[in-house]
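A quick write-up on the structure given underneath.
The values are calculated or read from the model by the stated rules, or taken from the named source; none is laboratory data. Bear in mind the structure is a predicted one, so any value in this text is a computation, not a measurement. Cβ coordinates were reconstructed from backbone atoms using ideal geometry, including for glycine residues, and neighbour counts include every protein chain displayed.
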Amino acid sequence: MTGYTAEDAVYNPLPLFHIGGQNMVWMALVSDTRVALAERFSASRFWDDVRKYHATFTLFLGAMIPILYKQPPRPDDADNPLRVALSAAAPRDIWEAFERRFNVKIIELYSQTEGGFIINPDAHSAGKIGSMGKPGATFEMKVVDENDNELPPGQVGELIYRPKGATTLTEYYKNPEATAEKTRGGWIRSGDLAYRDEDGYFYFVDRKSDFMRRRGENISSFEVEKIINQHPKVLESAAYGIPSELGEDEVMVAVVLQPGERLAPEELIRYCEARMAYFMVPRYVRFVEALPKTGTERTMKYQLKAEGITPDTWDREGRRL
């Protein structure tokens, strides 16, 4: 799928309790090639480790690509042995710039623990920037509404899939109710929102649980974060819904700034207003030292949501809380 050969070497900064980290080890084991295991992902050490271990292959998850791209440029950025980086939800706005700067090919994929590689990456196909690609030969996939009706190209719904004889989830441990809901109608519910285009390419939109609804409009936290993360003073961000006194959600963002930078919330809001639809512009802004993360660099938004509106939260509607 990726042109992996006996000459490749894997650099794995992901924990081995996660399917992504396990896959990076498995591919090295079955190919009798080398794998370098990092203790954890570190943006400041990443490229030095790649050079040290002569790594040609890696996997990016979560915010790893934008965090690496936000590191100060170095004259030797492109002078590294990395050939391919598999990625999940690579930000399309910096995709090509990242490839040029670090002289590496990003190959987008879609994979779940329950199903394995559902959309197979193809190193020999140009594909489409921003797309997860097309389903592999062993899976059927479609985008459906809340009644399981398949949606036409361009419309957002839940991504569901089923194997054609491939190994996949059969049950959740001692939880038949969850298993029945997950596999309703013989299709596995991904919990992700997506759409497909006229050519059959699929595009990730957001986690279903992270989607927000404000004033009757649907809002992708993924899209809000993508825009905010483009601000030169921002390292990373998390967008999430806070219950509104009017019903539905208000948009809140937790923002981590680049080291040594300062940014007024009003300045960030003006930046957002110039680049996103009015209903997407956050009401609440909170600057934090770091986002709560899992071992795979995914933001634990449930923790941020549980903290709610904190004393250090800024309110766009005029109240300082």
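Side notes on the structure shown:
- As a summary of the residue check, Lys174 satisfies the conditions (1) in a helix (DSSP H, G or I); (2) over 20 Å from the mean Cα position of the chain (by Cα) except for the one numbered (1).
For (1) surrounded by fewer than 17 Cβ atoms within 10 Å (Cβ to Cβ); (2) under 23 Å from Thr299 (Cβ atoms), each residue gets a yes or a no:
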{"position": "Asn23", "(1), (2)": "no, yes"}
{"position": "Met27", "(1), (2)": "no, no"}
{"position": "Val35", "(1), (2)": "no, no"}
{"position": "Ser44", "(1), (2)": "yes, yes"}
{"position": "Pro75", "(1), (2)": "yes, no"}
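- Tally of residues being surrounded by 22 or more Cβ atoms within 10 Å (Cβ to Cβ), farther than 14 Å from Asp315 by Cα and not acidic (Asp, Glu) across region 230-254: 5
- Selected residue [in contact with a Phe, Trp or Tyr (Cβ under 6 Å, 6 or more places away or on another chain) and either in contact (Cβ under 8 Å) with a residue 24 or more places away in the chain or surrounded by 20 or more Cβ atoms within 10 Å (Cβ to Cβ) (or both)] from Thr58, Thr113: Thr58
- For region 292-304, filtering for residues that are surrounded by 16 or more Cβ atoms within 10 Å (Cβ to Cβ), of a type outside the set (A, V, I, L, M, F, W, C) and within 16 Å of Asp249 (Cβ to Cβ) leaves 1.
- Options Arg101, Arg83: the member that is over 21 Å from Leu235 (Cα atoms) and surrounded by 14 or more Cβ atoms within 10 Å (Cβ to Cβ): Arg83
- Leu68 being surrounded by fewer than 17 Cβ atoms within 10 Å (Cβ to Cβ), in contact (Cβ under 8 Å) with a residue 24 or more places away in the chain and over 27 Å from Gly136 (Cβ atoms): no
- Subset of region 145-162 (residues that are in contact (Cβ under 8 Å) with a residue 40 or more places away in the chain and part of a loop (DSSP other than H, G, I, E, B)): Leu151, Pro153, Gly154, Gln155, Val156
- Condition met for Ile118 (β-branched (Val, Ile, Thr), at negative phi and surrounded by fewer than 22 Cβ atoms within 10 Å (Cβ to Cβ)): no
- Pairing each residue of region 298-321 that is in a loop (DSSP other than H, G, I, E, B) with any residue that is modelled with pLDDT under 90 and among the hydrophobic types (A, V, I, L, M, F, W, C), provided the two are 6+ apart or on different chains, yields C-beta distances under 9 Å for Arg298/Leu61; Arg298/Ala63; Ile309/Leu321; Thr310/Leu321; Pro311/Leu321; Asp312/Leu321; Thr313/Leu321.
- Qualifying residue in region 199-221 (condition: part of a helix (DSSP H, G or I) and under 21 Å from Thr310 (Cβ atoms)): yes
- Residue identified as surrounded by fewer than 18 Cβ atoms within 10 Å (Cβ to Cβ), assigned to a helix (DSSP H, G or I) and outside the structural domain of Ile19 (by TED's automatic domain parsing) among Glu267, Glu289: Glu267
- Test: residue in region 237-254 that is touching a strand residue (DSSP E or B) at 6+ places or on another chain (Cβ under 7 Å), more than 27 Å from Gly157 (Cα to Cα) and either at pLDDT 95 or above or outside the structural domain of Leu61 (by TED's automatic domain parsing) (or both): no
- Hey, Ala274 under 24 Å from Asp93 (Cα atoms), loosely packed, with under 12 Cβ neighbours inside 10 Å and modelled with pLDDT of 95 or more or not: yes
- Being closer than 28 Å to Ala137 by Cβ, touching a strand residue (DSSP E or B) at 6+ places or on another chain (Cβ under 7 Å) and either without any contact (Cβ under 8 Å) to a residue 24 or more places away in the chain or charged (D, E, K, R) (or both) holds for only one residue in Ala28, Ala85, Ala89, and it is Ala28.
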